[in-house]
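The values are calculated or read from the model by the stated rules, or taken from the named source; none is laboratory data. Worth saying up front: this structure is predicted, and the values here are computed from it rather than measured. FYI the Cβ positions are ideal-geometry reconstructions off the backbone, even for glycines, and counts take in every protein chain you see.
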Amino acid sequence: MPGTSPTIFSQVDVSAGSAANNPVDFGFEQTELLREVLAAQDRTNEILEELASVMASAQKQRLQELHQWKQANPRLAKTCRKAAESLSRVQIEYLERITEEIDECGEDMIHGEFMLNEFVDRFGPRLAHLNGVIQVLAQLSSPNSTTNTQS
């Protein structure tokens, strides 16, 4: 029938018989859903335990390799310690200059994108590289007592 429009109403069963079965089904479905959630959580916990174990193993291996390197290069490890201490002093001076710059131009950086970009371009890369070098030197020169994890 091309001239008739489709009906937008449908029949809904509201009898007492169908409503009595829903609470029982709902309780069963809820219990099953909770079981599935619990199983998924158990699996997540297993995966996290495995991940923690792998990470701990890799860290232990890294510390053992670092300890072996220090034993093979004791003089270099000592000079790395001195270099890290010297660069730490340089870093302190550099940070003082940065904070002075921020005190002087902070308001301009808040209101002007150019000033902020200029500041980051001028100080950011150098600070990041300096931090990286200090970190490497500090790792290579840390006392053997912190890396002596051979079991």
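So for segment 71-88 (the condition being touching a Phe, Trp or Tyr at 6+ places or on another chain (Cβ under 7 Å) and either modelled with pLDDT under 95 or basic (K, R) (or both)), does at least one residue qualify?
So the first thing to find is which residues in segment 71-88 are touching a Phe, Trp or Tyr at 6+ places or on another chain (Cβ under 7 Å), and the list is none.
Within segment 71-88 (the criterion being touching a Phe, Trp or Tyr at 6+ places or on another chain (Cβ under 7 Å) and either modelled with pLDDT under 95 or basic (K, R) (or both)), the answer is no, since none of the residues qualifies.
Go through segment 87-125 and report how many residues are free of Cβ contacts under 8 Å to residues at least 40 places away in the same chain, among the small types (G, A, S) and in a helix (DSSP H, G or I).
From segment 87-125, those free of Cβ contacts under 8 Å to residues at least 40 places away in the same chain are 89, 92-125; that's our starting set.
Add one more test, that the residue is among the small types (G, A, S), and what stays is 106, 112, 124.
Restricting the remaining residues to those that are in a helix (DSSP H, G or I) gives 106, 124.
So the count comes out to 2.
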Inset, instruction - Inspect all residues belonging to segment 53-68 and state whether any of them is in a helix (DSSP H, G or I), at pLDDT 90 or above and more than 27 Å from the chain's Cα centre (by Cα). - result: yes
